[in-house]
Amino acid sequence: MTAATYQYVDLPDAPVVTTRALLTARENIGDTVAARAMMCIHGGAGFGKTLAVNTCLRELEPGEDVRKITFRARPTARAVRYELFTALDLAGEPPRHPSEFDRLLKTALAERPRTFLVDEAQWLSGEAFEYFRYLWDEPSTQLAITFVGGEGCHTVLRREPMLSSRIFIWQHFTRLTPSEVLDVIPLFHPLWVDADPEDITFADSHAAHGNFRASAQLTAHTRTGRPRVDQELLRWAFSRSPDHHTATPMPLAAPRPIAVVIDRHDDALHTHTALAAHHPSFGRVTLHPGPGTTSGTGLAHDLLAAWENRPCSRAASRPAVSPHGKPLPPG
């Protein structure tokens, strides 16, 4: 572990904020390492679990040998062996036979005390958890293990009494409460230092919802706007988020009247190629349909293309019809 910080996005001047959950994790991890035990930190995505654990474990280095394993898919016991082999920087080729592989890992783990961070542990099956327990139970190994994952991690461990009974400490990460948001967010980034508390509450209630990852994303977006936070800027930032549907929609500007002019001497309302010109200052779009025609959807498409002043071609050409299937009259 060599990274100085573990933020979700690269935010200049964004420090690691010492939240109540991080302080609890620091105490719990310290106790777990001292006892050479196993613990489980679980909670929803974006609540700051991995950042807190990485920060706390980094404080134990270099006196503690910390190794990190991250799973991105459901691994077998064999895959866990290979991940451990890589994490321990063992030389040579991995053994082919499980019993030989196990002996190699036990020998390496008995050399000195080590702490493993197993991240994204919600991917682990009961079999994979059991393999970590198997190594931890070996009297010669001196292992401390911190499992970090979503609620699935907690569910699998609780389902197996032989596993859950060996978990020394359970810690559940939850959303920041509204009062914690007002205390923490101004410390999270200089952007929020002088922000009105009402604006911070507005941003949290409409977009972040007590989620640290969402707050980091919102901060990154807001930094690209005006230097001072206000609700208009926040609404713009909400629109750039994949969860913008949870935010209050931005008020739209009053619509400007637009006149659409269609050459009434043409014998079709729809055209194979829309050649158009618009006059923004007068709010006028002039559409010159050609001989080819398509469906009613084509007319809407042509109008949009005309407004943007770019040609639009369609391969198919059919007689003009109304939404009810009847031929449309000329202009």
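The values are calculated or read from the model by the stated rules, or taken from the named source; none is laboratory data. Computed from a predicted structure; not experimentally measured. Note: ideal-geometry Cβ built from the backbone for every residue, glycine included; neighbour counts use all protein chains shown. These accessible areas exclude ligands, DNA and RNA; they are computed on the full protein's heavy atoms, side chains included. Shrake-Rupley method; radii C 1.70, N 1.55, O 1.52, S 1.80 Å.
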Margin query: Tell me whether region 198-221 contains one or more residues that are more than 20 Å from the chain's Cα centre (by Cα), open to solvent by 30 Å² or more (accessible area, probe 1.4 Å) and of a type outside the set (Gly, Ala, Ser).
Written below: yes
Check: When the residues of region 56-96 are filtered to those that are open to solvent by less than 40 Å² (accessible area, probe 1.4 Å) and aromatic (Phe, Trp, Tyr), which remaining residue is farthest from residue 146 (Cα to Cα)?
Finding: 85
Check: Which one of the conditions (1) more than 22 Å from the chain's Cα centre (by Cα); (2) surrounded by 15 or more Cβ atoms within 10 Å (Cβ to Cβ) does residue 111 fail to meet, given that it meets all the rest?
Finding: (2)
Note to self: For the condition in contact with a helix residue (DSSP H, G or I) (Cβ under 7 Å, 6 or more places away or on another chain) and modelled with pLDDT under 95, what is the one hit in 96, 67, 58, 133?
What the structure shows: 133
Notebook entry, point to check: Which of the residues belonging to region 152-178 are assigned to a helix (DSSP H, G or I) and open to solvent by less than 80 Å² (accessible area, probe 1.4 Å)?
Noted result: 152, 153, 154, 155, 156, 157, 163, 164
Notebook entry, point to check: Just for region 28-51: of the residues that are of a type in the set (S, T, N, Q) and open to solvent by 20 Å² or more (accessible area, probe 1.4 Å), which one is nearest to residue 112 (Cα to Cα)?
Noted result: 28
Notebook entry, point to check: Within the set of pairs 6+ apart or on separate chains, which have a first residue in region 119-144 that is farther than 18 Å from residue 98 by Cα, a second that is hydroxyl-bearing (Ser, Thr, Tyr) and not in a loop (DSSP other than H, G, I, E, B), and C-beta atoms under 7 Å apart?
Noted result: 119/50; 119/70; 120/70; 144/32; 144/115
Next item on the list: Run residue 61 past the list (1) over 22 Å from residue 164 (Cβ atoms); (2) touching a strand residue (DSSP E or B) at 6+ places or on another chain (Cβ under 8 Å); (3) touching a residue at least 60 places away in the same chain (Cβ under 8 Å) and report the number of the one that doesn't hold.
Entry: (2)
